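Data first, discussion second: the structure below is written as structure tokens.
Please treat every number below as a calculation from the coordinates, not as lab data. Quick caveat, the model's predicted, so the values are computed rather than measured. Note that we place each Cβ from the backbone using ideal geometry, even for glycine, and neighbour counts take in every protein chain shown.
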Amino acid sequence: MKGSRLRLAAVSFLNTRPITYGIERGLVGSGRVELTFDLPSRCAAAVSRGEADLALMPIASYATAETELCIVPGVAIASRGPVRTVLLMGDVPWEEMDTIFLDEASRTSQMLVRLLTHERKLAPRFESAEHDRIVDQVGGRGGALVIGDLCFAASARFPHVYDLGAEWTNQVGLPFLNAAWIGRPDVLESGDVELLQESLALGLANRDEIARRFAERDRADVALYRRYFHDNIHYGLGAAELCGAAAFLERAHRAGILKTKPVLRLYAGRILRKSSTTGRSLDSLLSDAAAGERLSFDDGIRLYQSASLYDLGRAADARRGQLHPAGVVTYIIDRNVNYTNACTTACQFCNFYRPPGDSRATTLLRDELAQKLQETVDLGGIQVLLQGGINPDLGLAYYEDLFRWMKASFPLAVHGLSPEEIRTLSERETLSIPAVLERLIAAGLDSVPGGSAEILDDEIRRRISPRKCDVATWLEVMRQAHRLGLRTTATMVFGFGEQPRHLLGHLDKIRDLEDETAGFTAFICWSFQAEGTKLPLRDDTSATRYLRILALARLYLDNFPNLQVSWVTMGPAIGQTGLRFGGNDFGSAMIEENVVAQAGAVFKLSAADIERAIRAAGFTPRRRNMRYEWL
Amino acid sequence: MIFSDVAKKVRAGDPLSADDGLLLYRHPSLVELAALANEVRERLHGQRTYFNRNLHINPTNVCVARCKLCSFSRRAADAEGAFVLSVDDAVARLQARLRAGDAPTEVHLVGGLHDGLPFSYFLELLAALKAAAPGISLKAFSAVEIFFFHRTYRMSVEEILRRLQAAGLDSLPGGGAEILSSRVRKAICPGKCSADEWVDVHRTAHRLGIKSNCTMMFGTVERLDERVEHLLRLRSLQAETGGFLAFIPLPFHPENNALGDHPAPTGAEILRNFAVARLVLGNIPHLKAYWVSLGLDTAQTALWFGADDLDGTVSEEKIYHLAGARSPQSLTPAAMARMIRAAGRIPVERDTLYRKLSTREEQEAM
């Protein structure tokens with residue numbers, strides 16, 4: 001409630017203590033927050049009864065809540081591999097368990113073990129058991145889900161122990177989001193999100209002290225607790241964790257474990273990142289960036305101008321390895337369908353468009369589209385990337401019909417309509433951008449591609465694509481899409497005579513928005529494809545410049561989980577080389593790409609070619625969806 | 001041995017062992033490898049990156065060697081698409097360039113092993129080209145062709161080379177080396193001379209004052225240790241004669257040949273091969289990124305993986321284009337200089353012996 005105290009409820013496990021540290025110590029929020037500790041299930045109930053404003057609540061409680069809830073960005077109990085405190089234990093292997101006892105204390109862990117059991121095509125009985133007595137239930141063919149601090153002592157007692165954090169991430173390739181600060185939408189005042197993040201930041205800085213205190217309490221090994229804090233629990237909540245949570249909820253929904261598939265909504269507020277000090281040497285700038293520290297705009301300019309290709313590549317490769325430690329490079333099978341080439345924007349660099357009314361201006365008919373979509377399904381495709389010209393003949397109803405028909409007829413996700421197309425619809429229909437997006441979502445839109453960004457700088461946009469939306473509008477469409485739960489990508493096309501400040505400005509704007517929404521899943525850049533277009537061939541579209549910019553982007557975009565290489569535009573050889581300059585995704589085994597093909601780049605790779613290229617670069621290929629969830 | 005030990009040897013100028021070479025081929029960080037190769041490249045050449053103006057002439061595509069990797073050759077003189085270029089046609093091709101004000105400084109002549117041509121044809125070809133442009137450098141006939149002449153015309157390799165030299169031959173191209181290993185040659189090009197014979201032709205040429213290039217055609221059936229062995233053989237001949245100008249790694253192209261189901265090496269493998277070659281072949285001055293075979297982007301990128309030369313303006317390339325290369329047929333000197341500059345290097349136009357002719361700036365200032 002505005003003006004009053006913010007009532008927080010949290011569980012008193014070891015892993016929550018870094019989150020509550022600053023508040024408990026009165027270092028932040030004194031006078032504003034009031035913290036009480038309770039059991040996990042009771043924390044969620046306190047929020048629904050209005051006894052607490054925010055609770056450190058399992059994601060499962062968010063998913064099943066009757067009322068609308070929001071999630072605080074930047075703070076979570078999550079894992080990116082072994083978590084050590086969500087374990088399935090037994091005398092027999094998972095496959096042989098006829099009963100699995102579930103710890104009542106954590107609904108998310110219960111849902112996770114049910115889901116993973118279902119996905120292994122096993123059907124044991126599930127029985128509930130009290131937290132304190134759970135370990136006693138294990139025996140014979142009965143296994144148990146054990147959570148929290150109990151795991152440390154219990155895991156050595158049984159021959160078969162499964163770490164469900166590791167099981168999840170090894171299967172899906174995304175973090176597991178266990179719990180976060182969750183509450184009703186209207187309870188926060190400005191500054192609260194930051195306050196909660198600061199409390200966590202203080203806790204992380206004092207992790208070793210917390211580990212020592214708890215090890216003394218439990219008469220346990222302090223090194224074990226310290227490793228747990230450093231290697232197992234992951235406290236950030238950004239784009240990757242949101243994708244992990246969305247994947248979890250969707251899979252649970254598909255498995256019949258969860259009735260609804262809720263949208264993950266965040267409170268307004270910024271995700272704070274550890275920011276750098278100034279006046280560092282180039283070497284320390286590179287090593288800090290490789291470790292994931294935030295670079296300032298000036299740092300970015302300095303790296304662009306002074307760091308060698310190798311310095312940037314090494315640091316970006318290290319950062320990629322830190323974000324994607326399994327050595328996996330992903331790709332997607334989808335089809336790029338350019339549904340219309342009629343376009344009013346007449347961008348100088350485009351060979352694809354035809355003015356509306358031109359005899360060569362066409363819009364695909366349903367039959368043609370159906371054939372393309374069926375081919376996509378037949379080739380193992382899971383998504384269609386639908387982009388086209390700005391065609392004044394096509395209104396919102398056209399897209400609503402189109403999406404509904406597509407979703408009803410084909411098992412394909414719709415990744416469609418760039419911000420330029422969406423803002424045009426909003427103007428044409430005199431509807432707000434969120435209203436347009438809501439109608440498109442209702443008709444089946446799943447995600448939005450990051451096109452029409454070019455360089456996010458109004459000076460450059462006025463020069464190369466004067467009729468396209470300005471920077472603020474592009475960002476606003478993405479902001480609204482993210483708020484409505486859509487995931488999007490962001491792109492950048494360089495080679496328009498831009499200066500380093502334009503490039504870094506572009507990266508800075510999308511990084512800033514990502515701090516606010518955590519809705520971008522990936523960044524993709526390429527150089528302007530000059531051949532055959534109206535602009536002359538330029539020197540600043542070279543492959544080496546691409547590799548430099550890619551590496552710099554990996555370092556600068558510390559909050560973007562994924563960087564795609566663009567083999568379609570840069571060629572397979574340079575695209576593949578980009579995997580060693582920060583890229584962790586090979587993009588799409590594209591069946592069609594009219595826009596770039598018209599400008600002279602004609603490359604085709606099959607899924608087998610892509611997998612070979614990924615392996616030859618030293619990685620393991622995996623197919624993914626738009627959330628970067630492994631399939 | 002770990003990478004940093006190898007790096008120490010490289011920096012001290014010590015020759016690398018076969019094990020070192022293998023370690024480099026297997027080193028996980030492509031970027032570290034490139035950075036080290038670049039140290040050697042910049043120590044030798046600074047930012048300078050060479051190109052020349054050249055003309056490719058293929059006298060014939062009739063060939064008795066049935067190499068599985070080849071998309072160019074025809075088995076018999078009367079086969080569809082088979083040709084033998086007359087001396088007059090070859091000269092006409094050169095003269096067309098001279099008339100267009102686009103004089104090459106070098107003609108690159110390689111062809112099939114045609115058993116129905118007299119030796120005099122080749123001598124006349126050289127003499128006529130030289131007569132048409134007396135200052136031009138003739139880089140002609142790979143070691144495989146020289147060895148074939150030796151067999152066909154029953155003269156020693158030395159005698160063949162002396163006669164060709166007298167007719168105007170200046171240097172030998174580096175082709176036909178493929179992988180210098182009998183196991184690999186048996187599998188992909190059993191009709192070509194052996195590895196020892198290939199090396200011997202170059203040794204003899206060097207002794208006669210004929211400089212040459214050397215190549216490696218990689219990405220077919222060879223193992224990494226065979227690639228290292230190949231590099232070490234070249235290095236060892238270079239230590240003996242000093243006659244190699246440049247090493248040219250050539251990735252296998254799979255279209256229109258009998259190895260068509262074998263995939264081409266990928267970009268990262270190609271760039272790695274450049275870096276390893278630069279590090280192992282410390283005594284061969286130049287490393288050439290042949291853009292016709294690599295494609296423009298990869299060739300340009302190779303300039304940061306050890307390469308210091310982009311070959312020439314070319315024109316009328318057949319061998320790689322028949323195997324599926326998608327690069328253009330020729331480039332202007334201005335385009336080559338721009339490509340080099342766009343990669344952040346300094347273009348230097350050279351002659352066959354890598355003597356500087358002029359920098360682009362100098363030309364533009366003229």
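Taking Lys and Arg as +1 and Asp and Glu as -1, the other residues whose beta-carbon sits under 12 Å from that of A:Ala239 total -2.
Could you give the angle, 0 to 90 degrees to the nearest 10, between helix A:239-254's Cα long axis and the longest principal axis of the Cα atoms of chain A? Value to nearest ten degrees: 80. For chain A, the longest principal axis of the C-alpha atoms and the axis of helix A:366-378 are separated by about 50°.
Looking at the protein assembly as shown, the DSSP beta bridges with both ends there are about 25 percent antiparallel.
The relative contact order of the range B:3-365 comes to 22 percent, based on Cα pairs under 8 Å that sit 6 or more residues apart. Maximal additional length on extending the B:Leu208-B:Glu316 stretch stands at 35.8 nm, based on 0.36 nm per residue less the C-alpha distance.
For the peptides A:604-616, B:26-38, the ranking by packing is B:26-38, A:604-616, with the highest mean count of neighbouring Cβ atoms within 10 Å listed first. Other residues within the sphere of radius under 12 Å centred on the Cβ of B:Arg233, judged by their own Cβ, net out at -2 (K and R +1, D and E -1).
Pull up the DSSP beta bridges for the range B:3-365 and report the antiparallel fraction as a percent, rounded to 5. If you can, show how the numbers build up before the last one.
Details: 5 of 33 bridges.
The antiparallel fraction comes to roughly 15 percent.
Averaged across B:302-315, how many Cβ atoms of other chains sit within 10 Å of each residue's Cβ atom? Each step should come with its number before you reach the end.
Values: counts 1, 1, 8, 1, 0, 0, 0, 0, 0, 0, 0, 0, 0, 0.
For peptide B:302-315, the averaged partner shielding equals 1.
What is the magnitude of the charge dipole of the range B:3-365 about its Cα centre, with +1 placed on the Cβ of each Lys and Arg, -1 on the Cβ of each Asp and Glu, and no other charges, expressed in debye to the nearest 20? Walk me through the intermediate numbers first.
Values: 44 positive and 42 negative charges, 54 e Å.
Magnitude of the dipole: close to 260 debye.
Over the range B:31-73, the fraction of Cα-Cα pairs per 5 Å bin, rounded to whole percents and listed from the shortest bin up, is 5, 15, 13, 10, 8, 9, 15, 18, 8. Taking every DSSP helix (H) stretch of at least 4 residues in chain B, weighting each as -39,500 (n - 2.57) and dividing the sum by the residue count yields a mean residue ellipticity at 222 nm of -13500 deg cm²/dmol.
Across peptide B:27-34, how many C-beta atoms of other chains are within 10 Å of each residue C-beta, on average? Don't skip to the answer; put the middle values down first.
Values: counts 1, 5, 7, 9, 15, 5, 2, 6.
Averaged over the peptide's residues, the number is 6.
Calculated mean residue ellipticity at 222 nm for chain A: -12000 deg cm²/dmol, from DSSP H runs with n ≥ 4 weighted as -39500 (n - 2.57), summed, divided by the residue count and rounded to 500. Judged by the mean number of other Cβ atoms found within 10 Å, the most tightly packed of the peptides A:343-351, A:565-573 leads the ranking A:565-573, A:343-351.
In terms of its C-alpha gyration tensor, the range A:313-614 comes out rounded, because the ratio a/c of the largest to the smallest axis stays below 1.5.
Other residues with beta-carbon under 12 Å from the beta-carbon of A:Met89 carry, at +1 per Lys or Arg and -1 per Asp or Glu, a net charge of -3.
Ordering A:485-492, B:244-251, A:94-101 by mean Cβ neighbour count within 10 Å, with the highest value first, yields B:244-251, A:485-492, A:94-101.
Per residue of A:576-582, other chain Cβ atoms within 10 Å of the residue Cβ number 5 on average.
Note on B:Lys186: lysines with a C-alpha under 26 Å away, same-chain residues under 8 apart excluded, are B:Lys68, B:Lys318.
Going by C-beta contacts inside 10 Å, put A:Leu547, B:Leu271, A:Leu631, A:Leu369 in order with the fewest on the left.
Working: A:Leu547 26, B:Leu271 30, A:Leu631 13, A:Leu369 20.
Ascending number of Cβ neighbours within 10 Å: A:Leu631, A:Leu369, A:Leu547, B:Leu271.
Between B:Thr332 and A:Leu431, what's the calculated FRET efficiency when r is the beta-carbon distance and R0 is 45 Å? Round to 0.05.
Details: r = 54 Å, r/R0 = 1.20.
Computed FRET efficiency for B:Thr332 and A:Leu431: 0.25.
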